[in-house]
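The values are calculated or read from the model by the stated rules, or taken from the named source; none is laboratory data. None of the values given here were measured: they were computed from a predicted structure. Every residue, glycine among them, receives a Cβ derived from its backbone with ideal geometry; neighbour counts consider all protein chains shown. Protein only, heavy atoms only, side chains kept; ligands, DNA and RNA dropped before computing areas. Shrake-Rupley method; radii C 1.70, N 1.55, O 1.52, S 1.80 Å.
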Amino acid sequence: MKFVLLFGPQAVGKMTVGQELANVTDLKLFHNHMTIDLVSPFFGYGTEEGKRLVQLFRQEIFEAVSKSELYGMIFTFVWAFDMQEDWDYVNHVCQLFESENATLYFVELEADMDERLKRNKSPHRLEQKPTKRNIEWSENDLKSSMEKHRLNSLEGEITRSNYLRINNTDLNAEEVAKTIKEHFQL
């Protein structure tokens, strides 16, 4: 079992890269909006009940996949490095997979803000993520989260051996997926 944690700020390309990586490997993609968008018609993600349900669905899927015969999973995540609860969550998910002898891979994406603002409005993103279709709200959320939180790691902060950081400002998703696949021999 292989578990690829694909992380970075909003609109950096996690889902799209994850889709391409799933296309060129036997990994299954579980992007973070699959649960957010499932719950959001009933409870907003920012609400206590919305967060509880998202975490519950994710936990159940992680447990089932970690015990399965699948080749592996890609999970996308916006990791706020300044929030201990995000570190705790990542450690929890990693421990769950490691307890089933999975190999973990950490892939961090970064891109310039101007490029992320363009990607935030891309038809593919809006088609795949209903909660991002209010562009004004989504752009404000993207900008304010960058002011409130540190969404990329500092050099040396990720100490896992299977770690790769990619600035994909000028790269397309296919190029990034190919780099990840080759780097980790997936």
Just checking, does the stretch 32-39 include any residue being in contact with a strand residue (DSSP E or B) (Cβ under 7 Å, 6 or more places away or on another chain), touching a residue at least 40 places away in the same chain (Cβ under 8 Å) and crowded, with 19+ Cβ neighbours inside 10 Å? yes
Take the stretch 55-73 and flag every residue that is open to solvent by less than 70 Å² (accessible area, probe 1.4 Å) and under 17 Å from the mean Cα position of the chain (by Cα). 55, 58, 59, 61, 62, 65, 72, 73
Residue that is over 23 Å from residue 21 (Cβ atoms) and in contact (Cβ under 8 Å) with a residue 40 or more places away in the chain, where the choices are 154, 164, 104, 109: 154
What is the residue count in the stretch 1-31 for residues that are surrounded by fewer than 22 Cβ atoms within 10 Å (Cβ to Cβ), of a type in the set (Gly, Ala, Ser) and outside any helix (DSSP H, G or I)? 0
Please enumerate the residues belonging to the stretch 140-171 that are in a loop (DSSP other than H, G, I, E, B), loosely packed, with under 14 Cβ neighbours inside 10 Å and not hydroxyl-bearing (Ser, Thr, Tyr). 154, 155, 156, 157, 160, 170
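For the condition over 18 Å from residue 74 (Cβ atoms), not in a loop (DSSP other than H, G, I, E, B) and not basic (Lys, Arg), what is the one hit in 174, 115?
Residue meeting the stated conditions: 115.
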